[in-house]
Amino acid sequence: MTSKSSTAHSGGGNRRVAITGIGPVTPIGTGLEPFWQGLLAQKSAIRRLTRFDAAHCRAKHSAEINDFAPESFFQPHKLKRLDRYAQFAMVSAKLAIDDAGIVPDTMSEEECNHAGVIFGTALGGISDAEAEHVKYMERGPRAVGRSLALQIFGGAAHSNIAIEFGFTGLSTTNSNSCASGNIALGEAFRLIRSGQLELAIAGAAESSLAPLTFSAFDNIATMSRWDGEPAEHACCPFDARRDGFVMGEGACSFVLEEMSVAKKRGARIYAEVRGFAHNNEAYHMTTPRPGGKLVQRVMSQALQEAELNVSDVGYINAHGSSTQLNDANEALAIRDLFGSHAQSLAISATKAYTGHPLGAASAIEAACCVLAIARGFIPPTLHYMASEPELAALGLDFVPNQGREEKPKACLNNAFGFGGINSSIALTQPE
């Protein structure tokens, strides 16, 4: 990092925010290039669940990361007190930092004071909590790991990342269910734009493929009960066969920097963050408010902050969870907001690649948007055959099964979560 000018921290709401590093940890690839090749391959990572015996569950599928090797990135002594959630987060942050070409050890104290970590997760270290509970039940309290309390809280990720890189600026973790990644990116964007930070690692992580958690979601009938072949068709966003989401796992981190600082150090700029909004439907914990008006509003507010017209948007990475009500509601909101331009939009739901890694989903999906802008490939909605008549009548382009070479000027990344949480973030080509 180069030293900053005396006006670097002067604040003001018109500072621009660049994305200069990407660090995916996903079922289709860990690291930017493997993830990119996974997108280009247009193959799903969804399979029959193998992490544990799910014979008691009606849901039978997941998207697991089976080649994760954290020891390739950190010494064993740094990992032994981190659960899988925090390991995902740490690895994704290191990948993003390396991709951005930043060497934290060379940063000055002043630079570290204005570098933060803004993270998100839905369930934090719940999988380790489940494993330790088994020990407790079998062998009593003395069998519980001494560091459990430090492993399972949601803030374990951002705290360990800050310690690893010496970032002493504002750091925090939100827990806004499946919108957590988008909200982390939005918060980091606003902190940099306002002058409180110059640099942020922003992202989200999730590792919730554990028996108790999986069973809980299965019991409320939110996950797909697909029992056919091929297995990956358990997740088919916007398709008439959709019957619930498929749980995944993973993380993605980004390096966000104030634009002039990024340019001064000669950084590669993938995209610019331009606008962000989130709201709450105040309606129901799992059912969206009918009509999609609050979804429409959150997209509109993100575009307003970005100073973009609906006609500027070329691609939307939809929340597209493969649930009946959410997919239909989102599609209706897009049609109502974008009007005649809606039929010219490319809209895809990449959960068909990676499953739904809860709080990490929208961070991974933001990477799809950033790469669409930077490299000119819009990933498809895999496993799409046909929508039901009411949804098909909207005339939307869900980029079925085959991606396309296209470099959109602007993208929206949508993410919605339990509790009625809606979010949308606007990304553009850097001017």
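The values are calculated or read from the model by the stated rules, or taken from the named source; none is laboratory data. Source: prediction; values computed, not measured. Virtual Cβ from ideal backbone geometry, glycine too; neighbours counted across all protein chains shown.
At-a-glance table
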| quantity | calculated |
| --- | --- |
| Only one of ALA156, ALA205, ALA184 that is more than 21 Å from LEU256 (Cβ to Cβ) and either buried (at least 21 other Cβ atoms within 10 Å of the Cβ) or assigned by TED's automatic domain parsing to the domain that holds ALA115 (or both) | ALA156 |
| Residues of the stretch 138-168 that turn out to be out of contact with any helix residue (DSSP H, G or I) (no Cβ under 6 Å at 6 or more places or on another chain) and among the small types (Gly, Ala, Ser), as a count | 7 |
| Some residue of the stretch 263-283 being of a type in the set (Ser, Thr, Tyr), in a loop (DSSP other than H, G, I, E, B), surrounded by 23 or more Cβ atoms within 10 Å (Cβ to Cβ) and touching a residue at least 24 places away in the same chain (Cβ under 8 Å) | yes |
| Of the criteria (1) buried (at least 21 other Cβ atoms within 10 Å of the Cβ); (2) farther than 29 Å from THR168 by Cα, which one ALA41 fails | (1) |
| Count of the stretch 87-115 residues which are in a strand (DSSP E or B) and among the aromatic types (Phe, Trp, Tyr) | 0 |
| Hits in the stretch 212-258 - residues which are within 19 Å of the chain's Cα centre (by Cα), within 18 Å of ALA361 (Cβ to Cβ) and among the β-branched types (Val, Ile, Thr) | VAL246 |
| Flag for ARG375 being basic (Lys, Arg), in contact (Cβ under 8 Å) with a residue 40 or more places away in the chain and farther than 21 Å from ARG268 by Cα | no |
| Selected residue (criterion: farthest from ALA240 (Cα to Cα)) from residues of the stretch 381-391 that are surrounded by 14 or more Cβ atoms within 10 Å (Cβ to Cβ) and over 24 Å from the mean Cα position of the chain (by Cα) | LEU391 |
| Of all residues in the stretch 57-86 being part of a helix (DSSP H, G or I) and touching a residue at least 40 places away in the same chain (Cβ under 8 Å), the one that is farthest from the chain's Cα centre (by Cα) | LYS78 |
| Residues satisfying the stated conditions in the stretch 143-190, i.e. under 26 Å from ASN326 (Cβ atoms) and part of a strand (DSSP E or B) | THR173, ASN174 |
| Odd one out for SER127, checked against (1) at pLDDT 95 or above; (2) touching a Phe, Trp or Tyr at 6+ places or on another chain (Cβ under 9 Å); (3) among the hydroxyl-bearing types (Ser, Thr, Tyr) | (1) |
| Condition check for LEU303: out of contact with any Ser or Thr (no Cβ under 9 Å at 6 or more places or on another chain) and not in a loop (DSSP other than H, G, I, E, B) | no |
| Scope the stretch 338-374; condition more than 28 Å from GLY124 (Cβ to Cβ), out of contact with any Ser or Thr (no Cβ under 6 Å at 6 or more places or on another chain) and part of a helix (DSSP H, G or I); matching residues | PHE338, GLY339, SER340, ALA342, GLN343, SER344, ALA372, ILE373, ALA374 |
| Filtered residue count, the stretch 382-400, keeping only those that are in contact with a strand residue (DSSP E or B) (Cβ under 7 Å, 6 or more places away or on another chain) and assigned to a loop (DSSP other than H, G, I, E, B) | 4 |
| Test for THR50: is it modelled with pLDDT under 95, over 23 Å from the mean Cα position of the chain (by Cα), β-branched (Val, Ile, Thr) and part of a loop (DSSP other than H, G, I, E, B) | no |
